[in-house]
Amino acid sequence: MSERNMESETAEAGRGTDYDMVVVGAGPAGATFARLAARRYRVLLVDRRTEGVKCCGGLVAPDAQAQLARFDIGIPKRVVADPQLFYVRSVDLETGRERRYQRHYTNVDRGAFDAYLLELLPRGVDFRSGARYLGHREADRGLVVEIEGKGGVEEISCGVLVGADGAFSRVRSKALGDFASIRKYLAVQGEFVRLDPVRHYAVFFDRTLTDFYSWLIPKDDALILGGAFRGEEDARGKFERLVEAVGRKGYRLGARTKIDACFVLRPRLRDIRIGEGKVALIGEAAGFISPSSAEGLSYAYASAVALARALERPDAAWLARYRRGTARLRLNILGKNLKGIVMYNRFLRNLVFMSGIGSLGGGGTRRSAEGYPAKDSGGARNEDDDAGSRAG
Ligand SMILES: Cc1cc2nc3c(=O)[nH]c(=O)nc-3n(C[C@H](O)[C@H](O)[C@H](O)COP(=O)(O)OP(=O)(O)OC[C@H]3O[C@@H](n4cnc5c(N)ncnc54)[C@H](O)[C@@H]3O)c2cc1C
């Protein structure tokens, strides 16, 4: 136990334990929290993964960029994917209406990005990959956490357990047992060989497939196409229909090189839980993710910061402070749910499309504009055109 927190109740709970904190999940939330918490505490960070990448679009949105700026973290070239994206083409597949909106995303290789965040961990963090959290129990002092690694199952004692294990959080299930009631979708995402240059991020709406949305993202030599489908039933069948619909919109997809599926939460206010007792939840495990866009990186960072701040003073009130520190995030998620009512209502969305509010102009209504794939055109065949200058 570090000396700084000897007198506190948290320290009391953690005194004589192996670690002050065990963090489960080394994604953006867990890696960020571990980095910040290691300034004060002995931290063990575990992740079940040894290789493989989180199923993700890998777009770092402006809110996430702002968080990285606060950490003074830049994104190195080796993590960046090609091309950088400045607009989103928003298409209603049912009505054929579409608009383009200016958005500034940093397009990254998610696997490389996660690995980069782990490189920033200070030496004070013990990081174990290939180490799976199985469960935990209360002990005289703190908690005992069961971790399964290469050498079998190990019991590790700690003062605080942090669940940063994503949408399908086992820590949350064990601590709160509410997974069944959380609003969630099954995301199916495929990677295809990119046959034509695509210079934008595209999103698709089609109520016959999902009441959420689907996305297409160019990533180096690949095109990523994904959709979030409610209920696990026939998600794969809906994905195949999405592939066909996107093809009809002019995107030529080459051979499929990969397909992944994972849960993504679409939280209502009541789905957000920050923890209980000596267990804290951050990132998507807590339900911190945008219910309108599934943007999750900024929420992962913000909740990690809020928890690290709450634990700066290691007394018994840290969970109450964490609750207060995440009030704005909850308000934000409430706002995104309201925004979602407009975005995901076909009538309202098409009104917005027709009005052109906030759009780049051109490409409204049912016509395809120059500068992005024309319907039935066989893809972005106008690749050598100066799309940017003509599209506006
Ligand atoms: C298909 C898809 C596309 C998305 N695209 C974007 C996007 O473009 N931009 C964006 O901002 N957000 C996107 N999101 C959301 C974003 O990926 C998540 O919100 C974000 O990754 C959450 O970060 P996290 O650290 O909370 O959890 P995660 O990134 O999910 O990390 C959880 C970690 O916990 C580990 N873990 C899980 N269980 C255990 C266990 N039992 N023991 C040990 N380790 C465990 C996992 O291996 C993983 O490394 C997307 C989500 C999906 C599903």
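Just a few scattered comments:
- Looking only at region 90-113, residues that are more than 12 Å from the ligand (Cβ to nearest atom), among the acidic types (Asp, Glu) and either over 24 Å from ALA245 (Cα atoms) or not in a strand (DSSP E or B) (or both) come to 1 in all.
- For region 257-281, filtering for residues that are surrounded by fewer than 17 Cβ atoms within 10 Å (Cβ to Cβ), of a type in the set (Asp, Glu) and outside the structural domain of LEU195 (by TED's automatic domain parsing) leaves 1.
- Taken over region 237-256, the criterion of being touching a strand residue (DSSP E or B) at 6+ places or on another chain (Cβ under 8 Å), of a type outside the set (D, E, K, R) and surrounded by 12 or more Cβ atoms within 10 Å (Cβ to Cβ) is satisfied by PHE239, LEU242, VAL243, ALA245, VAL246, GLY247, TYR251, LEU253, GLY254.
- From the list ALA308, ALA316, the one residue that fits, being more than 13 Å from the ligand (Cβ to nearest atom) and part of a loop (DSSP other than H, G, I, E, B), is ALA316.
- Qualifying residue in region 197-208 (condition: at negative phi, more than 16 Å from the ligand (Cβ to nearest atom) and among the polar types (S, T, N, Q)): yes
- Within the set GLY177, GLY166, the sole residue that is near the ligand (Cβ under 9 Å from one of its atoms), on the phi > 0 side of the Ramachandran plot and under 24 Å from the mean Cα position of the chain (by Cα) turns out to be GLY166.
- Strands (runs of 3 or more DSSP E) within region 194-293 that include 1 or more residues under 21 Å from ALA164 (Cβ atoms): 253-265, 279-281
- Evaluation of LEU143 against (1) within 26 Å of the chain's Cα centre (by Cα); (2) away from the ligand (no atom under 12 Å from the Cβ) (one fails), failing number: (1)
- Any hit, region 59-72, residues being assigned to a strand (DSSP E or B), surrounded by 14 or more Cβ atoms within 10 Å (Cβ to Cβ) and at pLDDT 95 or above: yes
- Scanning region 142-161 for residues that are outside any strand (DSSP E or B) and either under 17 Å from ALA37 (Cα atoms) or out of contact with any strand residue (DSSP E or B) (no Cβ under 7 Å at 6 or more places or on another chain) (or both) yields LYS150, GLY151.
The values are calculated or read from the model by the stated rules, or taken from the named source; none is laboratory data. Values in this document were obtained by computation on a predicted structure and should not be read as measured data. Note that we place each Cβ from the backbone using ideal geometry, even for glycine, and neighbour counts take in every protein chain shown.
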